[in-house]
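Each value in this text was obtained by applying a stated rule to the coordinates, not by laboratory testing. Computed from a prediction, not measured in an experiment: that's the story for all the values here. Cβ placement follows ideal geometry from the backbone for every residue including glycine, while neighbour counts extend to all protein chains displayed.
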Amino acid sequence: MNRTIKKLFFEKNNDIRSNLFRSIIASAVSFLLDFVILICLVEIFNIYYLIAGATGFITGTTFLYFLSITWIFQTRNVNNKIYEFMIFILLGFIGGSLNTLFLWLLTDKIEMFYMLSRIAAATLIFFFNFTARKIILFTKTNN
């Protein structure tokens, strides 16, 4: 197997490129879960798009936490796992709040189709979430 493929997918490492690559994949899968929930809730169950978006976001964020601690990041900055999860969720809430703001702005104010708004908002929030989580939770500090 190619060394690069091994490093990107299978080897435990703290290489920022590996972290980013894995985070892109994990975020894409989490976003797909989020997006499917959004569409199903809006199109099948006629739930208001902002409530549906928040529901999808919470589900996707929880799944992403699992992937973050088992596959993406090898270094953890917080020893207490409950505290770590709470910080992860808090950062996700901040990202989710920004995501909802962008979704609302793009859909209601710019009149972009809600599915396209969701994709645009998620792309912006990905970089915020990756950077915040990497720095706060998954970079070892010298205590």
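Across the range 1-76, the relative contact order, built from alpha-carbon pairs under 8 Å that are at least six residues apart, equals 37 percent. Filter the chain for me: DSSP H helices, axial length by Cα at least 30 angstrom, mean Kyte-Doolittle hydropathy not below 0.0. List them by residue number. Span-like helices in the chain: 16-39, 81-104, 114-136. Which of the following values of volume of the Cα convex hull per residue in Å³ was calculated from the structure shown: (i) 220; (ii) 115; (iii) 139? Computing volume of the Cα convex hull per residue in Å³ and matching it to (i) 220; (ii) 115; (iii) 139 gives (ii). For the chain, the relative contact order is 25 percent, taking Cα pairs closer than 8 Å that sit 6 or more residues apart in sequence and dividing their mean separation by the residue count.
For the range 3-136, a simple Cβ point-charge model (Lys and Arg +1, Asp and Glu -1, everything else neutral) yields a dipole of about 720 debye relative to the Cα centre.
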